[in-house]
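Written out below as structure tokens is the structure these notes cover.
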Amino acid sequence: MSSVEPAVGRLLTEAERSSGTVRSLRSAFAIGAGNVLTAWHCVREVGGQEAQLWLRMQPDSPGGSPVDVPVSYREHCVELDAAVLTVDAQRGGEVLRDRLDAVALPLGVTVAAHDRVRVAGHPERNPAPSCVVSTGVVETPEFQSTARRLIRALVTSFAAVSPESPSGMSGGPLLRADANGNETVVGFVSAYAERQDKRGTHTALGGVVLCGRIADLNKLLPSVAEALRATPPPQVDPATSEEELTTEAMKSLQPKLGASGAIPTRWTPSAIEKSLEHVISSPSADPRVVDGLRIAKAAARAKAVFVALGGREVEIGRLQGIYRREVGAWPSGGTADALLVEAADATLYEQRNGGHSPLSALARFLVAIATDQGVSTAENRELLDWLAACGHQAGDAHRYQAAHTDGGWLVVDLGDEPGPAAPPYPAQIRWTMVTGNEVMSRSVEAGATREGLLRALRQVFKEIPPTYPLIVDLAVPCALLTERIEYWPVREVDGELEAIAEECQPRFRWSSRRRPGPLHGRVVDRIRNANWDHLPDPLPVDLLEDETRLSAWAKADGTGAWIIAGLPAASSVRPLRWLLRAGHGFVVWLPGSGRDEDSLAVRLAAERLPSAARRYQLPDELPTLDDPPIVIWDDPRGRGGFALPPPMAAESC
């Protein structure tokens, strides 16, 4: 029996437990501290937050009776289809808590394409008391589905000639073993593309299941974050556990190392240390070579911490943005290893020229990654040990992290496109606040007038919880884009009303894309293979004014990730709507008359950014223009590390 089986059970309602008749199978697994993790849709359909369920676990011994643990709702995340249940003491569950915790599965966040995995649960056609465990392989760890990323895995038994049905597996764990055989749960079964075989059985199309990512739950569900912190680091052989930098990442050190003959056999800390000792022992040691090897050694040591913090889960464009914020310049490298080398180089420069922070550039970079991944500097042993080895105080790291939290993201939905004779202003708006721990949402009446919308926006900023820093996205119909709402005085600061543009880095989204339907999917499809290296020329005015040609161009163009376009402010925004409808989600719209000059300034700003960082940082790096651009940045991934809230029905606005 594998160690996963005792931890995975069936979720039963009171009626199912009493009658013995189970209409719909649901899986869940123990994660420690009296908690179990499952899929939210499994809980939603049997009571949601009021659910009173039982986790039926396998017998303690062969032939014995199953053990039923009473569990009730603790927390959930609709967007990620995840729910945490906890032992229900009022129904006698406390006496079974130790049994549940004894079999809890450790959680992890590291998963990559082609990893071998196992998935466990209770499929509908298998009445056995123990769960079914199937093997598979990860096709992609970042499959984009609507507003969330999923692990897409091919499971062998689901793709067989007579396949096992995954129905009932929802909520079961997806496990990955590291090189030493240590297994952690990196995901949970959430969905599958369904097909029906000749016997009427529902099976997984192509044997593929989609699994929610533990890495994403870390920020949104405190109990999952707690379980991750409680997972002990894997026991590995120090002789084989060293992280190694890539040769490509060493290019920035080439001017220092040159043809010195001091190149290590491998770019690991121990190999670099040997080369450094050899060079230093020479009476004619070249100081530049010594510097280069010291930088490489610092970067190689930092890589182990970077991996432990979950740095491999962060997209390179976000890493480059974090580097820019913490080190003070855009990196030239395009890989994580290259960024570590450049940060180590910046650390050496600061040591010799005086730094402005008690933490080095490399330390600031790693602490910022920890913050991005929801890892506390006070609780991560790898980071604390590394900081101490570098001569840093843990208290400085704690204070630095506390002062550089992610804050929150406010998305304000201003309703749908108005009808032909209707006013452009909405009768109701809805705000959604996303922070590291929760998602809040409420509606505010707006009266379908300009004055009513102004009052409603002011009310929004009174209702949202105090958050700093705060970034804001306005999801608006095209009819309101030229109103320049980002400059309306709506946010009260020290008794005075300020515009959102003063401090909140506002961006626009197209509100029609916030509704269920194909519009959101078109952006996802278009951006999947788009080229962020491409620097677009502004669309010609004659093309924008010819709807037939523009519509054909908008549908056919599939290379550029973003576009520059615009017409004078008094012109119709209908061409913009055509572009948005065709799936162009990243648009810098120039409403002024000096478009040639302005578009050149926009291109130059983009050119200064690493191409992978443009998706995340370009709107914040645009120059100040006499006629400020309207930036529509409909990123399906969200913003600033926050996941995009799910689409809402039109009537909810």
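Here, each number is a calculation from the coordinates, and none is a lab measurement. Keep in mind that this is a model prediction, so the values were computed, not measured. Here Cβ is always computed from backbone atoms with ideal geometry, including for glycine, and neighbour counts include all displayed protein chains.
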(message) Taking R0 as 51 Å, what FRET efficiency do you get between S252 and R455 from their Cβ-Cβ distance, rounded to the nearest 0.05?
(response) 0.40
(request) With viscosity set to 0.890 mPa s and temperature to 25 °C, compute the Stokes-Einstein D of segment 430-504, Rh being the Kirkwood radius across alpha carbon pairs; µm²/s, no decimals. (result) 186
(message) Working only with C-alpha atoms, what are the Rg and Dmax values of the chain, expressed in angstrom?
(response) 27.1, 86
(request) List, in order, the whole-Hz ³J(HN,Hα) value for each residue of segment 491-507 obtained from phi through the Karplus relation with A = 6.51, B = -1.76, C = 1.60 and θ = phi - 60°; use x for Gly and Pro. (result) 10, 7, 9, 6, x, 10, 8, 10, 7, 4, 5, 4, 8, 9, 6, x, 10
(message) Are there any GluC sites (Glu not before Pro) in segment 327-383 that are in a DSSP loop and have at most 15 other Cβ atoms within 10 Å? List them by number.
(response) E379
(message) Counting other C-beta atoms within 10 Å, and keeping those with at most 16, which DSSP coil GluC sites (Glu not before Pro) do you find in segment 471-580?
(response) E503, E545
(message) For the chain, what does the helix formula give at 222 nm: sum of -39500 (n - 2.57) over DSSP H segments with n ≥ 4, over the residue count, nearest 500 deg cm²/dmol?
(response) -9000 deg cm²/dmol
(request) For an R0 of 22 angstrom, estimate the FRET efficiency from the Cβ-Cβ distance between E315 and H114 and round to the nearest 0.05. (result) 0.70
(request) Take the cross-link list K219/K303; K219/K274; K251/K274 and give me the ones stretching past 31 Å between alpha-carbons. (result) K219/K274
(message) For V490, what residues show an amide H to amide H distance below 5 Å, using hydrogens built from the backbone and excluding near sequence neighbours?
(response) E498, A499, I500
